[in-house]
1. Name every residue in segment 148-175 that is over 17 Å from HIS137 (Cβ atoms) and not in a strand (DSSP E or B), in order of residue number.
2. Could you look through segment 171-194, keep only residues that are among the small types (Gly, Ala, Ser) and more than 28 Å from LYS69 (Cα to Cα), and pick out the one that is surrounded by the fewest Cβ atoms within 10 Å (Cβ to Cβ)?
3. Look at ARG130 and say whether it is over 19 Å from PRO75 (Cα atoms) and modelled with pLDDT of 95 or more.
4. Identify the residue in segment 125-176 that is of a type in the set (Ser, Thr, Tyr) and under 11 Å from the mean Cα position of the chain (by Cα) and, among all such residues, is nearest to LYS9 (Cα to Cα).
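The values are calculated or read from the model by the stated rules, or taken from the named source; none is laboratory data. Just so you know, these numbers come straight off a predicted model, no measurement behind them. Because the Cβ atoms are built from the backbone with ideal geometry, glycine has one as well, and the counts that use them run over all protein chains shown.
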Amino acid sequence: MSLIEIRRKHFIYEEVRHEFGPAPGRVHHRGAALVVLTNPYAGRYEPDIMPMQDALKPLGLEMALALIKGMGGDPQAIEGYGKGSIVGAAGELEHGALWHAPGGYAMREALGGAKAIVPSAKKVGGPGARLDVPITHKDASYVRGHFDAMEVGVPGSPTADELVFILVMTTGARIHDRAGGLKASEIKGEDGLR
């Protein structure tokens, strides 16, 4: 049995054009790529789950590139990102953690070497479960205007023996960012934080 058995892919694209106050003068784009897979470890404890993490690497890059394409195709337009996992009830939270390296490194590579750690969330949930995927700036985690989240899910998934792996990208800060802190224009690019 293959460790990677894709059941379906789901893509979400959103345009945020206004949020109270004055017209922002720009359109903010958010997108998510979700893939539903069979969980090969569902219903049992498997001490060595690392082979699946390695097997997920090509899928991570495929999903990152598809998400960039769906958001217009320009990696330079992407400013923020995040990732997440929803594990079906016959799995364990650690199965969702298998997405950390394949999803995170794939987005960093597809975006030309983004520096910031990719924030993440995961949970065990039933069919139709939703997840708030955290978002930060791709090059500096301290850019406060990019602190955000995107709520996502796949209708009918995950069933008990499924996993949902998620990548999220955005094209900028919150529409009316005015909560202070480091600005994107002030990024030094030294450590992925500032």
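1. If the condition is that a residue be over 17 Å from HIS137 (Cβ atoms) and not in a strand (DSSP E or B), then GLY153, PRO155, GLY156, PRO158, THR159, ALA160, ASP161 are the ones that fit.
2. Within segment 171-194, the match that is surrounded by the fewest Cβ atoms within 10 Å (Cβ to Cβ) is GLY180.
3. yes
4. THR170
Conditions tested, residue by residue: (1) without any contact (Cβ under 8 Å) to a residue 60 or more places away in the chain; (2) out of contact with any Asp or Glu (no Cβ under 8 Å at 6 or more places or on another chain); (3) among the aromatic types (Phe, Trp, Tyr); (4) on the phi > 0 side of the Ramachandran plot.
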site: GLY104; (1), (2), (3), (4): yes, yes, no, no
site: MET107; (1), (2), (3), (4): no, yes, no, no
site: ALA116; (1), (2), (3), (4): no, no, no, no
site: LYS123; (1), (2), (3), (4): yes, yes, no, no
site: TYR142; (1), (2), (3), (4): yes, yes, yes, no
site: PHE147; (1), (2), (3), (4): yes, yes, yes, no
site: GLY156; (1), (2), (3), (4): yes, yes, no, yes
site: ARG174; (1), (2), (3), (4): no, no, no, no
site: ASP191; (1), (2), (3), (4): no, yes, no, no
